[in-house]
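Sharing a structure here in C-alpha cells format.
Taken together, the values in this text are just the output of simple stated rules run on the coordinates, not laboratory data. Source: prediction; values computed, not measured. Here Cβ is always computed from backbone atoms with ideal geometry, including for glycine, and neighbour counts include all displayed protein chains.
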Amino acid sequence: MKKIIIAIVCSIGLWSACTYEKPGFYRGGIGVNFYYDQVGPYDSNPYFGEGIDGRDSMTYVSSTKQRDTLWFRIMVYGQQRTEEQTFSLRQSTLSHTDSVGYINDSTFVAVEGVNFVAFDDPEMQQYCVIHPDSSSVYVPIIATYDPETAGTYQRFYLFFEIVSTPEVSVFDSRFYRAELRMRQLAE
C-alpha cells in the first residue's frame, strides 16, 4: 500500500511539473536606465563614457572640428519584445546642488540646438529606439560648434535624463540622469 501511495504522489508530481506555460504571458512594460560602472558608492555619478568609441566623458569641438559625438549606454530591463519600443531624452533642469557644484563663471549650461543637437531633432530620434531582444542601447550626444563664440575657450555641462512613458519607464530612479562635459576650443 505504501508503494502505491508513493507511486501516485510521484505521478502527480511529474504530471504537474510537465505542464506547459506559454511564453509571453507577462504584460508589463520595459524599464530603462543609464549604465553605471558600480565603482565607488552604488549611487555615484553616472558612468560617462567608453561608449562605442572608447573615450572618456569629455568631448570637444572647434572651428576645425565642428561636431563631436559621445555615446551613452542605456540598459533595458523587462521581458523580451517582438516589436520596437521608443523612449525619449530631455535636458535636465539643474538643481541647486548641481549648479553650485558644477556651474561657475567659467563653465556654462549647454544650450540645446547651439552646443548640442536637440533631443527632439530627427537625427537624435532614430537612436531612441529599443530593438527587439536588446539588452542595451547606445545613444549619441552630438556636441556642435557655436560660431557666435568663435575664438574663445568655453566649457559646458549638459545634464540630461530619460523621460518615462506608458510603454517605457525608468527602471531605477537613481540612474535616470547623466551628464556630459563639453569644451569649445579657441582656434
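Within the stretch 150-187, take every residue that is in a strand (DSSP E or B), more than 17 Å from Val117 (Cβ to Cβ) and without any contact (Cβ under 8 Å) to a residue 60 or more places away in the chain and give me the one that is farthest from the chain's Cα centre (by Cα).
Among those residues, the one meeting the criterion is Gln154.
Being within 12 Å of the chain's Cα centre (by Cα) and part of a loop (DSSP other than H, G, I, E, B) is the requirement here; does Tyr138 meet it? Break it down stepwise before answering.
Details: within 12 Å of the chain's Cα centre (by Cα): yes; part of a loop (DSSP other than H, G, I, E, B): no.
Spelling it out, it is not the case that Tyr138 is within 12 Å of the chain's Cα centre (by Cα) and part of a loop (DSSP other than H, G, I, E, B).
State the number of residues belonging to the stretch 128-148 that are among the small types (Gly, Ala, Ser) and either buried (at least 18 other Cβ atoms within 10 Å of the Cβ) or without any contact (Cβ under 8 Å) to a residue 12 or more places away in the chain (or both). Walk me through how you get there before you give the answer.
Step one: of the stretch 128-148, the residues among the small types (Gly, Ala, Ser) are 134-136, 143.
So of that shortlist, the ones also either buried (at least 18 other Cβ atoms within 10 Å of the Cβ) or without any contact (Cβ under 8 Å) to a residue 12 or more places away in the chain (or both) come out as 143.
Of the residues in that region, 1 qualify.
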